[in-house]
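Since the structure comes first, as C-alpha cells, the remarks are kept for the end.
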Amino acid sequence: MEIEKAVENFKASTNQGISAELKEIGHYFNLGSHDLILKHSHYTYNIDTLMNNLSRLCENAPIFRNDILPTIAIQICDALILKIVFSAENDVIYILAHAVTELERSELLQSEHQFAKALSVYFGKVFDWFQDQYDEKGIYKFVQWAHYYKDLHTKSCKKCGELMIVDSFGAFVPPVIRDPTNGEAYHVCCAPVFEGLEHLGFAVKKTE
C-alpha cells in the first residue's frame, strides 16, 4: 500500500510540477529555447508518410497540428505527451515533453512543469543519438524508445531494484531515465554515465 500511495503521490506531483528531485533537475536544465534545438536533424520528412508509419508504431494515435509549426503529438504514458516539432521544410527542429493536460499548449512554449521541461532536453539529446545511429530512420527508433515511458509508474530501477525512492528533499520519485539501447529504467541517482549523453546523469556509448 505504501508503494501504491507513493505512485499516486508522484502522479499528483507530476501534474503539479512539484516533485522535489524533478524540480531540481528542471532547475538544472532551466535553459533557453536554443538548448532544445537538435544537432543532427538533416532529414526532411513527408508528413503523411510519417504519420502513417507512426500510427502503426504508437499505442495512441499520433495527432498532427500545423497551427504555427508542423507538430506531431503522441501520448506516451498517462503523464506525458511527446511533441515532435518540424520546420516549414519538414525537418525536425526540436522535441518537447508536455504533460497530458498540455495537449493544446503551443509548440512554441515549453511545459509549465519542471519535470517535463527537464525531459524535453533529455529527449532532444536522445533523438540526436538515434539519428546519429540510424539516420532518417532514427525518428522511428526514437518514438519506439519513448514508449518505454508507458511504465513510468510501474517499472523498478535496474540498479537498485526499487520502484520509488526518497530523494534528498523527502519526495518519492520513480525511475525517470530510460536506456536508449534497451529501455531499462533508472533513477536519476542510479543511472550509469558514459560518454555521449551526459544529461540527466545518463549517457550511452555510440555503437560501432
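Things to note:
- Segment 86-108: number of residues that are crowded, with 20+ Cβ neighbours inside 10 Å and either β-branched (Val, Ile, Thr) or not in a strand (DSSP E or B) (or both): 4
Quick grid of which residues meet (1) closer than 15 Å to residue 80 by Cα; (2) within 15 Å of the chain's Cα centre (by Cα):
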| residue | (1), (2) |
| --- | --- |
| 96 | yes, yes |
| 101 | yes, no |
| 119 | yes, yes |
| 134 | no, no |
| 140 | no, yes |
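- Checking each residue in segment 73-93 for being touching a strand residue (DSSP E or B) at 6+ places or on another chain (Cβ under 8 Å), in contact (Cβ under 8 Å) with a residue 24 or more places away in the chain and farther than 13 Å from residue 142 by Cα picks out 73, 75, 79, 80, 86, 89, 90, 91, 93.
- Residue match in segment 134-148 (condition: farther than 30 Å from residue 44 by Cα and surrounded by fewer than 17 Cβ atoms within 10 Å (Cβ to Cβ)): no
- Lone unmet requirement of (1) assigned to a helix (DSSP H, G or I); (2) free of Cβ contacts under 8 Å to residues at least 40 places away in the same chain for residue 136: (2)
- Subset tally (residues that are surrounded by fewer than 18 Cβ atoms within 10 Å (Cβ to Cβ) and either aliphatic (A, V, I, L, M) or at pLDDT 80 or above (or both)) for segment 165-178: 1
The values are calculated or read from the model by the stated rules, or taken from the named source; none is laboratory data. The structure displayed is predicted, hence computed values, not measured ones. Counting neighbours? That spans all protein chains shown, and the Cβs are built from the backbone with ideal geometry, glycine included.
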